[in-house]
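Remarks on the structure that follows.
The values are calculated or read from the model by the stated rules, or taken from the named source; none is laboratory data. If you're wondering where the values come from, they're calculated on a predicted model, not measured in any experiment. Here Cβ is always computed from backbone atoms with ideal geometry, including for glycine, and neighbour counts include all displayed protein chains. These area figures cover heavy atoms from the full protein model, side chains too; ligands, DNA and RNA do not enter into them. Shrake-Rupley method; radii C 1.70, N 1.55, O 1.52, S 1.80 Å.
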Amino acid sequence: MSDPKTLGVYAKKAEEYAGLVTKSAKKDPLLGKFIQALPEGAHVLDLGCGPGKSASIMAQAGLSVTAMDAVPEMIALVPEHALITPVLGTFDDIAGTDLYDGIWANFSLLHAKRTDLPHHLKALHNALKPGGLFHIALKSGENSKRDRLGRYYTYYTQADLTDLLTAAGFVVDSCTTGRDVGLDGTPADWIALHAYG
């Protein structure tokens, strides 16, 4: 994600965002399901980790976490932990083959342009070990737009996202939908898919 306006919003609101996601990460059943599905000591990429709240929960569960985000102010908030490696980087920096047992892309790839998502998904599939677990959550809907804070979003239907994951080589395992209030204070529908590489 390299949209300057979106990055600027997260930089400015890093502390506020950290408070918001601290509450949601602790009670996120999908994060618990993701952790339980991985082998002991698994290596995980937390893509778009923000202030590292999910990374911290994964590390406390014994997972080794590479916590990547494009916003320096977010990386500065990632908790210090022996099992967490903070990395400043964008979606374009995803590289390597068979590196991770799991990838947690929770409401991060929704900031990528629609035309860029197939490339990012293919890079993530390559970085995931064979049979590894991939979690992706996005806001559901159609088209692209900015929210009232100026962040850029691309919306997807379940069918569209399933097709994109399949084309990248993933096998979709389960789907969860919901509706929550985000940083901009507006309720939004979302979709989360678990898939295997």
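Figures for the structure shown
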| read-out | value |
| --- | --- |
| Number of the condition not met by Phe107 [criteria: (1) of a type in the set (Phe, Trp, Tyr); (2) more than 18 Å from Thr166 (Cβ to Cβ); (3) open to solvent by less than 50 Å² (accessible area, probe 1.4 Å)] | (3) |
| Filter result (open to solvent by less than 20 Å² (accessible area, probe 1.4 Å) and under 11 Å from the mean Cα position of the chain (by Cα)) within segment 32-51 | Leu45, Asp46, Leu47, Cys49, Gly50 |
| All positions within segment 116-133 that are out of contact with any Leu (no Cβ under 7 Å at 6 or more places or on another chain), assigned to a strand (DSSP E or B) and among the hydrophobic types (A, V, I, L, M, F, W, C) | Leu128 |
| Test result for Phe107, on the phi > 0 side of the Ramachandran plot, aromatic (Phe, Trp, Tyr) and within 12 Å of the chain's Cα centre (by Cα) | yes |
| Selection within segment 113-161 - among the aliphatic types (A, V, I, L, M) and either in contact (Cβ under 8 Å) with a residue 60 or more places away in the chain or more than 16 Å from Val172 (Cα to Cα) (or both) | Leu117, Ala123, Leu124, Ala127, Leu128, Leu133, Ala137, Leu149 |
| Qualifying residue in segment 163-180 (condition: in a strand (DSSP E or B), surrounded by fewer than 19 Cβ atoms within 10 Å (Cβ to Cβ) and touching a Pro at 6+ places or on another chain (Cβ under 8 Å)) | yes |
